[in-house]
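J.: Handing you this structure, nothing more for now.
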Amino acid sequence: MAVTNGAEKGREKGRVKTGVKQRSGRRKGRLLLATGACLVACGLLTLAGVYAYIHYTNRRASAAQAELFRIWGESPSAPEREPVAVGDGIARLVVPRLGLDAIVVELEGLDDTANLKRGPGHIPGTAYPGQEGNCVISGHRTTYGAPFRHLEELEAGDVIVLETAEARYTYLVFDKRIVLPTDLTVLEQEGEPRVTLTACHPWYSASRRIVVTGRLANTEK
């Protein structure tokens, strides 16, 4: 009788321990599920925030470009022969391969982020369209309309057009490279008339710069 009672007590203790383990496992499972759900929700909220930000900046850039085109239609600039003010449109940039048609604005300096949000920006101190030297134009790749988003698709022989009130300048791409942000050779002015388009590389990073250069092939007054 005592042996039987001991066996029953042992089985009862085993059932209790098993039940405790099962409840503990269920709690851990629920905790893992809740943590996973929170992480997924956070990820979705982050993606939604990024999408909303890009959409917002694109709308701002689109409105700015619409205003620049309106002004350009009334009074296009001729920076080859007359001074331009910071923030003014200095040329119309057309790149057929990229489906790009934008007004280039005059920047105050390399760190003029405000005007760069309005469209591609001409780096002061570099040549203007058609002039001897290097006309350097910077642009965004992921936000504010991302005018240079697919800059890497340009190949040798592709057309880059800059139009001013003075003339229509056609450049042909001959060089494409990736450089460090500290590489200022992209601003060099010596040599034949050319245009350089530059932007951050890769997408969503400023660790490198993509640089595409074209030489002047034709001028139509």
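J.: Would you be able to tell me the number of residues in segment 99-114 that are crowded, with 18+ Cβ neighbours inside 10 Å and either within 15 Å of the chain's Cα centre (by Cα) or within 18 Å of Ile210 (Cα to Cα) (or both)?
T.: 1
J.: Whether any residue in segment 127-134 is under 12 Å from the mean Cα position of the chain (by Cα) and not acidic (Asp, Glu) is what I want to check.
T.: For segment 127-134, residues under 12 Å from the mean Cα position of the chain (by Cα) and not acidic (Asp, Glu): absent.
J.: Quick one: in segment 162-216, which of the residues that are touching a Leu at 6+ places or on another chain (Cβ under 9 Å), basic (Lys, Arg) and over 15 Å from Pro129 (Cα atoms) is surrounded by the fewest Cβ atoms within 10 Å (Cβ to Cβ)?
T.: It comes out as Arg208.
J.: Going residue by residue through segment 161-181, is there one that turns out to be under 21 Å from Arg60 (Cα atoms) and of a type outside the set (Asp, Glu)?
T.: no
J.: In segment 159-173, is there at least one residue being more than 27 Å from Ile54 (Cα to Cα) and of a type in the set (S, T, N, Q)?
T.: Scanning segment 159-173 turns up at least one residue that is more than 27 Å from Ile54 (Cα to Cα) and of a type in the set (S, T, N, Q).
J.: Please find, within segment 116-155, the residue that is surrounded by the fewest Cβ atoms within 10 Å (Cβ to Cβ) out of those that are out of contact with any Leu (no Cβ under 8 Å at 6 or more places or on another chain) and among the aliphatic types (A, V, I, L, M).
T.: Within segment 116-155, the match that is surrounded by the fewest Cβ atoms within 10 Å (Cβ to Cβ) is Ala146.
J.: Among residues belonging to segment 201-221 that are at pLDDT below 95 and of a type in the set (A, V, I, L, M, F, W, C), point out the one that is nearest to Thr182 (Cα to Cα).
T.: For segment 201-221, the residue satisfying everything is Ala206.
J.: Something else about it: From the list Val186, Val211, exactly one residue is farther than 25 Å from Arg70 by Cα, touching a strand residue (DSSP E or B) at 6+ places or on another chain (Cβ under 7 Å) and not in a strand (DSSP E or B). Which is it?
T.: Result of the check over Val186, Val211: Val186.
The values are calculated or read from the model by the stated rules, or taken from the named source; none is laboratory data. For clarity, every value in this text was computed on a predicted model and none was experimentally measured. All Cβ positions, even for glycine, are placed from backbone atoms using ideal geometry, and neighbour counts span all protein chains on display.
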